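The values are calculated or read from the model by the stated rules, or taken from the named source; none is laboratory data. Note that the coordinates shown come from a computational prediction; the quantities given were computed from them, not determined experimentally. All Cβ positions, even for glycine, are placed from backbone atoms using ideal geometry, and neighbour counts span all protein chains on display.
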Amino acid sequence: MAVSKDDLRDLFAGTLAWDKTKEIISGPKDDDRFEAVLELLQEQVRWPERILLPLREHLYIVESGGSRIVKCDCGHEFGDWRRNWKMSAAIIARDDIASMEEIYPGLRRPDPNLCEIREFICPGCGVLLDVESVPVGYPVVFDALPDIDVFYDDWLGRPLEDHQDCEDRTAEIISKWAKPLL
Amino acid sequence: MGKDASLDPQGAQIVACDAGGTMTDVIVVDRAGSFAIGKAATTPDSQATGFCAALDDAFGPRASTDPATNVSIAGVEACVYSGTSMLNALLTGTGRRVGVITHRGEEDIFLHQRSRQTWAGYGVADLLHHVAHHRPRPLVSRRLTKGVTGRIDMFGVEAIPLYEDEVRNAVAELLAEDVEAIAVCLMFSYLNPAHEERLAELAREVIAGAGDPPVTLHLSHELAPIIREQGRLNTVVLHAAAAEPCRRQLLGIEGALRNRDYRHPLQVLLSHGGVADIRYQRLHESTFSGPIGGLLGARYLSSVTGIDNWVCADMGGTSFDVGLIMGGEPMLDREVTVTRRLFNLPTLVMDTVGAGMGMYVSIDPLTQRITLGPGSAGAEPGPVCYDLGNETPTVMDCALVTGLLNPHNYLGGKVELNTSMALKALREKCADPLGVDVHYLAEGVLDLVTSSLREHIRTVLGTRGFSAADYSLLAYGGAGPLLMAGYSSGLPFRGVATLPSAAGFSAFGAAAVDLTHRYQKSSGIIVPDGADDDWKVGMGELVNLGWDELEERARADLSSEGLDWAAASVQPLAYVRYGGQMEDLEVPSPVPRIGSAADMDALIAAFEALYERIYAEVAKHPQAGYHILELGLTVTIPKVKPRLTCHPLQDPTPTIRAVKGQRDVYHGRRWRPAPLYDMDALQPGNEVEGMAVIEAPATTLFVPPGHRVRMDEWSMLWLTSGDDQQ
């Protein structure tokens, strides 16, 4: 079904009427829906880099000087898309009773011996980007590493100019933090 | 049933109407059992106009062209209306402005709702995807929903007294909001209505004190004294908002009929299958009566022909509805989902899928597969071939381009269908993207449709543990006969039948019912396994109290409608389940009242016999005891019904009058010549070998190769394939 740009804008803003939203959810997608969404998002950000893929609310994978990086809509850059952007975010780790009580008072508070709550904040604008609640000591979760070239080649049928391998490079950051064994 | 052409206008005896969202169908039946069907556009603002136009259409050329000299219907003994006007009033917000009073703490009931309403009425795809789940729009705004303190507990005992000042304030606040009706729904009022009754007294005082504005009060224990608050409250709001505006419409129709010398009250079809005078108090029971007419027609067929197990399949423009007649009776659901909301309204069960002739056909851009729906072209703009602006092909366009439909005979030739537009749309939107021939594609779409309909029938039967081998299929609705060979194929039905009146069968069914009222109330009666006689008698007294209360209401209703109680037959009902079960069965009591332990044993035996018939003997579980959580009562007064006539059988070869010619039909991936027959000219006993097309003004029956159709002595058309000739 054809969705107008105005409807898409309202959909992203959360102001589209439910009946229309439901129609979009349940209907088949337009051939050019992805392009229409990219065009809309590109208009809404204030920086010039080309958006390749929206990653999540506020975050995009963009083409920047021959490399692909994760960028916040405020303009803050998180680095190569193959490295978990959370590693470059400001993090509030709630791992004790006092910090958990700030948001989950009383009986709603989880047991800090069983889990910790991590809030990932954009260092550029301070927006809350993600929250994860995981067992104590659990590695930071890498939510998604999209294979952008396969998507552009096989699904969209219009390959990007250069191909980049798609493998998790988060360890490159961690290795810099690791203390030498000797 | 007789033939359209033979209807005697002066002998017209019954008029029944099925007013849908777009079309109003009227069927007129004369004393000999002959009938005529008329169609006209529904006129929502004044339904009398659409009704009368359809009535004139039914009389056709017999009616005078001068409106001042309409055909008199002085001899008509019953006019029955069924339709969706009340539902439309509720949904479009054209009903009255309703305020609600419920418990303090329950004021958000329309916002939080029962979670089932977030997906009720969805198809499978939306059901599986949580992102599509959503609460429907509140029936009443939070601003008009007031809470008062007070509580009756689950045993019917007052736990917190009613705070009368809060009631007065709530009523005053609602009056200040200019409400036209106040709906009251308090918990457990079906066990003890004292708080609702007191609330009503106080409300009347406040209304009187405010200068007596025309505000009506509606109490849940009077309208729907059934457990489960959400459905009960929705029902009371439905009644408060829509019943009176709807009654005005019905009185308008009755007035228009009186201008044509009709001398009796107009009757309305109720969703549980009875009919009542339009002055009937609980008029909201007519809300969902639209689709059930066909089931009632099938029940009537059962009583006449002796075939008592039917799968009824109604296919129209937008949906495919399947219902069952089991042992001569349709199944009843006491909580119905309509427009994604739950209502405590006893309603005949029809399982619906959105699959009609107007369903859109497209190609999924990602998977390159044919997609049916979602959505339908409706009556306007309709399929592409209507040439009213729609460019998305539909199932009907496929039927047209394959030669199944006659472009010059649609609705008896009133609508000329544009085959070339249908071909163009199908070619451009579907066949070319797939690189296939357009006729091959159209046949493939029809195969897809029939297989999805077949699966729906299989599901309706299978999920209830039934087998098609125990049933005959009855196909009706304008599109029913066209695809019935397809969707019945592979299912081991005893027989597959349709009728010349298929297109107006729902209206026919509405004419074929007795005047029936149904009453229900919740109860809490338990008979443990091995209960002694004293216990059974004690519980029996509680049952009798419930039945007495319902009978008292029934007498009052009949009296207010001017009906004679002595003419009524009364059937007490009990809703019985084994202890711990979630569902119960409606058991007609074999005794009028429970006067002894033996009477209670007889009621339980009736339940177990029914349970065994529906499930299996091994499923019985008497060790868990028996729970009767609801009691009911039906009151029936016989009313004149259409007469089905049995005709002598003629020669198998149709007369020359029935042969209309020949048309090429694309079937089995090639074009073949198919003889055409006029359905109205076929005689009982006639047989037609496939491949053939049998046309009537409002429907078309396709007989595929290897199949045969035979008209029986009741004028029913039975379809058999080469290997199951009956």
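At a glance:
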| quantity | calculated |
| --- | --- |
| Test for B:Ala568: is it of a type in the set (Gly, Ala, Ser), under 19 Å from B:Ala606 (Cβ atoms) and in contact with a helix residue (DSSP H, G or I) (Cβ under 9 Å, 6 or more places away or on another chain) | no |
| Residue that is modelled with the lowest pLDDT [pool: residues in the stretch B:38-52 that are of a type in the set (A, V, I, L, M) and crowded, with 18+ Cβ neighbours inside 10 Å] | B:Ala40 |
| Failed criterion for A:Glu161 (all others in (1) at positive phi; (2) exposed (fewer than 14 other Cβ atoms within 10 Å of the Cβ) hold) | (1) |
| Test: residue in the stretch B:487-501 that is buried (at least 23 other Cβ atoms within 10 Å of the Cβ), part of a helix (DSSP H, G or I) and either out of contact with any Asp or Glu (no Cβ under 6 Å at 6 or more places or on another chain) or at negative phi (or both) | yes |
| Of all residues making up the stretch B:611-648, the number that are aromatic (Phe, Trp, Tyr), out of contact with any strand residue (DSSP E or B) (no Cβ under 8 Å at 6 or more places or on another chain) and not in a loop (DSSP other than H, G, I, E, B) | 0 |
| Count of residues meeting criterion [in contact with a strand residue (DSSP E or B) (Cβ under 8 Å, 6 or more places away or on another chain), within 7 Å of chain A (Cβ to nearest Cβ) and surrounded by fewer than 16 Cβ atoms within 10 Å (Cβ to Cβ)] in the stretch B:359-376 | 1 |
| Among the candidates B:Pro697, B:Pro654, B:Pro638, B:Pro622, residue that is touching a helix residue (DSSP H, G or I) at 6+ places or on another chain (Cβ under 8 Å), at pLDDT below 90 and farther than 19 Å from B:Glu329 by Cα | B:Pro697 |
| Options B:Arg198, B:Arg232; residue that is of a type in the set (Lys, Arg) and either within 14 Å of chain A (Cβ to nearest Cβ) or more than 19 Å from B:Ile109 (Cβ to Cβ) (or both) | B:Arg198 |
| Total residues in the stretch B:206-245, condition hydrophobic (A, V, I, L, M, F, W, C), without any contact (Cβ under 8 Å) to a residue 40 or more places away in the chain and within 20 Å of B:Arg341 (Cα to Cα) | 1 |
| Set B:Pro652, B:Pro673, B:Pro684: member being under 22 Å from B:Gly722 (Cα atoms), without any contact (Cβ under 8 Å) to a residue 24 or more places away in the chain and either assigned to a strand (DSSP E or B) or in contact with a strand residue (DSSP E or B) (Cβ under 7 Å, 6 or more places away or on another chain) (or both) | B:Pro673 |
| Every residue from the stretch A:11-30 that is facing chain B (nearest Cβ under 7 Å) and assigned to a helix (DSSP H, G or I) | A:Trp18, A:Lys22, A:Ile25, A:Ser26 |
| Among residues of the stretch A:1-59, those that are β-branched (Val, Ile, Thr) and over 24 Å from the mean Cα position of the chain (by Cα), counted | 1 |
| Residue list for the stretch B:187-223, restricted to those being touching a Phe, Trp or Tyr at 6+ places or on another chain (Cβ under 8 Å) and surrounded by 23 or more Cβ atoms within 10 Å (Cβ to Cβ) | B:Ser220, B:His221 |
| Filtered residues of the stretch B:114-161 (kept if hydroxyl-bearing (Ser, Thr, Tyr) and crowded, with 16+ Cβ neighbours inside 10 Å) | B:Tyr122, B:Thr145 |
| Check on B:Ile694, hydrophobic (A, V, I, L, M, F, W, C), within 34 Å of the chain's Cα centre (by Cα) and closer than 30 Å to B:Val576 by Cβ | no |
| Yes/no for B:Arg168 being within 14 Å of chain A (Cβ to nearest Cβ) and of a type in the set (D, E, K, R) | no |
| Selected residue (only one of B:Leu366, B:Leu372, B:Leu301, B:Leu345 is in a strand (DSSP E or B) and not assigned by TED's automatic domain parsing to the domain that holds B:Ser522) | B:Leu372 |
| Search result, residues across the stretch B:581-596 that are farther than 15 Å from B:Tyr611 by Cα and buried (at least 18 other Cβ atoms within 10 Å of the Cβ) | B:Ile594 |
